Amino acid sequence: MTEHPGLRTPGRAIREAREGRGWSLADLSARTKIPPPVLTALEADEYHKVSGALYIKSFLRTCAAELGLDSEEILALYAGSSGSESSPKGGPDMVWVEDQVQISRIGLPWRSIGLTGAALVLIGLGVLGLTRGCGGADESPQADGADRASTAESRPVPRDTSLVSLDEPAVATPASTAKPDAGDRQPA
């Protein structure tokens, strides 16, 4: 931008205040955390080199506050020199119009995944319960050795009637009622 002696711009006001304090661009940059190339562009009123109107206003406000200038006056000078009283509302060439931007959820739908997983686990447990019965110890085909022994003791054991037990007295059968042969001895 060409300098006119009588025209006061935001960049000229900031540069004059900085030089009046004896600060270099590096000094102002260290105090405001604004990079020196951005400060150079602001002081030269080359706003097209800065990201956008929001950043320009923020940098001008920060520089004015640090240099003891009236921030509102500097912003008014910027609005007058840039030809805009406020930020643009969006024209046909705007890439991002704030009213039209919708932010959608990014990432996996963890709630849906969790609910589906829990439902599958419950269904699996239900099917397992129906196929294995109600889960009683007597119905379990995989009972361990101790369970088998306790269930075997509680059930009556069928006895083979053809075998004679030594603990029980012998019962006479029709074949044993016959008279003994001479070779057979009677117990005394």
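The values are calculated or read from the model by the stated rules, or taken from the named source; none is laboratory data. Computed from a predicted model, the values in this text were never measured in an experiment. Cβ placement follows ideal geometry from the backbone for every residue including glycine, while neighbour counts extend to all protein chains displayed.
Would you pick out the residues in the stretch 5-54 that are part of a helix (DSSP H, G or I) and touching a residue at least 40 places away in the same chain (Cβ under 8 Å)?
P10, A13, I14, A17, R18, R21, listed by residue number.
With respect to L120, determine if the residue is touching a Gly at 6+ places or on another chain (Cβ under 8 Å), modelled with pLDDT of 90 or more and not in a loop (DSSP other than H, G, I, E, B).
no
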